[in-house]
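Below you'll find the structure, written out as C-alpha cells, and then a few comments.
The values are calculated or read from the model by the stated rules, or taken from the named source; none is laboratory data. Being a predicted model, the structure only gives us computed values, none of them experimental. Glycine gets a Cβ as well: all are built from the backbone with ideal geometry, and neighbour counts include every protein chain shown.
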Amino acid sequence: MLAIDATSVTKLYKGSSRPALDNVSLQVESGKVFTLLGRNGAGKTTFVRMCATQLAPTSGTIKVLGYDIIRQPGEIRNLVSVVPQEGRPLRALTPWDHVYNWLQIRGESRQTAREKTESMLRKLELYDARDRPAMNLSGGMKQKVLVAMAMAADAQLLFLDEPTIGLDPVSRRQVWSAINEWKGKGQSVLLTTHYMDEAEMLSDYIVIIDKGKIIAQGTIQELRKVIPHNMRVDISADGTDLESLQPYGSVVDTGTGMLRVFTFESSARELSEFAIKRNLSFNVSPVTLDDVFVYLVGRPIDKGDLAE
C-alpha cells in the first residue's frame, strides 16, 4: 500500500490568481523518506497540510495510507503525526508535559506513555530539561520538543515540515538519527526542508516543486544526472563579463552576487584562471544536490538578460 497517492491535485487560495499547487500527481512509497524541495511559496507546506487533512484541495484526490482525505479524515488522523512548520510548544508546559500528554491523548497507557516519553527525550537530549517550562527553553530546544512529540507517537506516517529549522549542527544530527531509526522500523516520512545536506542524508526519493508544479523527481543519483556537467564554478558577478562565461557551460544567477557556471574539469581550470586574472572571487567544487536545485530553479542567464 502507498503511503500517499495524489492525483491531479490543485489548490487555489481565495484571492490568489496563481495556484499554490497546479495539477500535482505523485506517489509516496511506504517505508521511505520522501522529500519535497522548493523555494518559499513553492507549495510544499500546502501539500503537507492537505495530506494531514488540514486543508482540502480545490480539485484532485489524495489518499493517505489508503484513506481519502475528504471522506475519511478521522481514519487518517489516527495513523499520522505532524511537525508543522509554524508550530510552537505551549509556554507553560515542560518537554515532559508535551510528549507525555500527547501520547495520552493518542490513547497510550500511562506506563507506555512514560516509557516512550523518557526514551524520546533522551534520544533528542531533552531529558535534562524535561521539567523546564517551554518559555525558558532556547528556540532550538522548542523545535526539538515538537519533533519529540511527533516521533514518540509511533505513527505509520510522519509529516516533517522543516523539522530542523533553527537547530544547531549537533541537534540536527540527533533528529536525523531519529528519522533514520524511524525508517528502519518500516514507517514512512514525508519531509520538507531547505537544507540540501539534510535531503542528501535522509532521502530515498526527492520531488522538486517550483511555483506549484513538479519540475523534477527521482533518487539523488537520478537527479544529479539532470545537470550535463560534473563541476561548478562560482564567480563574483561584480565586474564579470557575462557573455564571456557562456562558452564554458550553463550559467545560472544564484541571486547571491555570484554567477554559477556548470562545466567540466578542463573548463573549470580555465575559468579559475579567468577569475584570477580579473581579481574576482571564485570557488570550484563537484556538482551536488544543491547545484541541481539551483540549476532547475535558479534564473538562467541568456541573451535576453544581457540586453536588459
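Do we have any residue at all in segment 94-101 that's modelled with pLDDT under 95 and touching a Leu at 6+ places or on another chain (Cβ under 9 Å)? No - not one qualifying residue is present in segment 94-101.
Against the test of being among the charged types (D, E, K, R), in the same structural domain as Leu158 (by TED's automatic domain parsing) and at pLDDT below 95, the options Lys63, Lys144 yield a single qualifying residue, Lys144.
I'd like to check something: does segment 137-144 contain any residue that is in a helix (DSSP H, G or I), touching a Leu at 6+ places or on another chain (Cβ under 7 Å) and closer than 19 Å to Ala52 by Cβ? Don't jump to the end; show me each part of the working.
Pass one, segment 137-144, residues in a helix (DSSP H, G or I): 139-144.
If we keep only those that are touching a Leu at 6+ places or on another chain (Cβ under 7 Å) too, we end up with 140-141, 143-144.
Retained after the next criterion (residues that are closer than 19 Å to Ala52 by Cβ): 143.
Within segment 137-144, one or more residues are in a helix (DSSP H, G or I), touching a Leu at 6+ places or on another chain (Cβ under 7 Å) and closer than 19 Å to Ala52 by Cβ.
Hey, can you tell me all the residues within segment 238-249 that are surrounded by 18 or more Cβ atoms within 10 Å (Cβ to Cβ) and not aromatic (Phe, Trp, Tyr)? Passing the criteria: Thr240, Leu245, Gly249. Taking segment 185-252 as the region of interest, the helices (runs of 4 or more DSSP H) fully inside it that hold 1 or more residues being over 30 Å from Arg172 (Cα atoms) are 242-245. Looking at Glu198, Glu222, just one residue is surrounded by fewer than 17 Cβ atoms within 10 Å (Cβ to Cβ), modelled with pLDDT of 90 or more, under 25 Å from the mean Cα position of the chain (by Cα) and under 30 Å from Ala6 (Cβ atoms), and that residue is Glu222. If I ask for residues that are closer than 17 Å to Thr192 by Cβ and in contact with a Gly (Cβ under 6 Å, 6 or more places away or on another chain), which ones from segment 1-60 would you list? Of everything in segment 1-60, those that are closer than 17 Å to Thr192 by Cβ and in contact with a Gly (Cβ under 6 Å, 6 or more places away or on another chain) turn out to be Val9, Ala20, Leu21, Gly43, Lys44.
Each row is one residue, and each column tells you yes or no for (1) assigned to a loop (DSSP other than H, G, I, E, B); (2) surrounded by fewer than 19 Cβ atoms within 10 Å (Cβ to Cβ); (3) more than 19 Å from the chain's Cα centre (by Cα); (4) at pLDDT below 90.
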residue: Glu118; (1), (2), (3), (4): no, yes, yes, no
residue: Leu121; (1), (2), (3), (4): no, no, yes, no
residue: Glu125; (1), (2), (3), (4): yes, yes, yes, no
residue: Asp131; (1), (2), (3), (4): yes, yes, yes, no
residue: Pro163; (1), (2), (3), (4): yes, no, no, no
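For segment 266-289, the set of residues classified as closer than 11 Å to Thr240 by Cα and part of a loop (DSSP other than H, G, I, E, B) consists of Arg278, Asn279, Leu280, Ser281, listed by residue number. Tallying residues that are among the β-branched types (Val, Ile, Thr), surrounded by fewer than 23 Cβ atoms within 10 Å (Cβ to Cβ) and under 25 Å from Leu223 (Cβ atoms) within segment 34-61 yields 2.
Output yes when any residue across segment 14-31 is closer than 27 Å to Val292 by Cβ, of a type in the set (Lys, Arg), out of contact with any strand residue (DSSP E or B) (no Cβ under 8 Å at 6 or more places or on another chain) and surrounded by fewer than 17 Cβ atoms within 10 Å (Cβ to Cβ), and no when none is.
Within segment 14-31, the first condition is being closer than 27 Å to Val292 by Cβ, and the residues that meet it are 18-31.
From what is left, the residues that are of a type in the set (Lys, Arg) are 18.
Among the residues that remain, those that are also out of contact with any strand residue (DSSP E or B) (no Cβ under 8 Å at 6 or more places or on another chain) are: 18.
Still in the list and also surrounded by fewer than 17 Cβ atoms within 10 Å (Cβ to Cβ): 18.
Yes: segment 14-31 contains one or more residues that are closer than 27 Å to Val292 by Cβ, of a type in the set (Lys, Arg), out of contact with any strand residue (DSSP E or B) (no Cβ under 8 Å at 6 or more places or on another chain) and surrounded by fewer than 17 Cβ atoms within 10 Å (Cβ to Cβ).
For Arg173, the conditions (1) surrounded by fewer than 17 Cβ atoms within 10 Å (Cβ to Cβ); (2) at pLDDT below 90; (3) part of a helix (DSSP H, G or I) are fulfilled apart from (2).
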